[in-house]
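Here's the structure we're looking at; comments come further down.
Any read-out appearing in this document is the output of simple, stated calculations on the displayed coordinates, not a laboratory observation. If you're wondering where the values come from, they're calculated on a predicted model, not measured in any experiment. Glycine gets a Cβ as well: all are built from the backbone with ideal geometry, and neighbour counts include every protein chain shown.
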Amino acid sequence: MKKIMYTPDAADKLRELKRAISQEYGTDTAKKIIRSITDAIKGLSDYEEKGPEVSKIFDVITDYRYLFVSRNYVFYRIEDKYIRIINLYHEKEDFMWQLFGIDTTPKETIDYWD
């Protein structure tokens with residue numbers, strides 16, 4: 001069974017998510033959402049290939065996998081001794097840009113806002 005390791009960015013993002021949810025919806029809601037995310041992450045210890053490979057879903061070369069939990073994408077990598085949690089992104093965030101530098105904004109949107 002591999003250990004779960006969080007990158008500093010992922011740990012910070014999880015804390016920020018909890019803070020933001022607490023402010024907007026209350027502490028109890030924040031605890032429930034964070035627990036659902038961390039429980040899903042802990043479940044990777046039992047079944048590390050639970051999340052699909054990013055490279056098979058999106059046109060990008062990477063060894064990342066992801067889970068979609070409570071409206072958040074959790075990106076992770078399977079390593080020899082660890083399952084490394086790379087980062088978390090809310091479904092409204094442009095994770096393709098933030099992770100891989102790939103702009104997914106349609107040309108029509110760019111033309112409209114220019």
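Of F68, F58, the sequence from fewest to most neighbouring Cβ atoms within 10 angstrom is F68, F58. For the pair T7 and D28, the difference between a 0.36 nm per residue extended length and the Cα-Cα distance amounts to 5.0 nm. When the listed pairs K13/K42; K56/K81; K3/K42; K13/K56; K18/K92 are checked against a 19 Å cut-off, the alpha-carbon distance exceeds it for K56/K81; K13/K56.
Less than 5 angstrom separates the built amide H of N87 from those of F75, all sequence-distant by 5 or more or on a different chain. Ranking of V60, V54 by neighbouring Cβ atoms within 10 Å, starting from the fewest: V60, V54.
Tell me the net charge near K3. Cut-off is 14 Å between Cβ atoms, K3 excluded, with +1 for each Lys or Arg and -1 for each Asp or Glu. Neighbourhood net charge equals +1.
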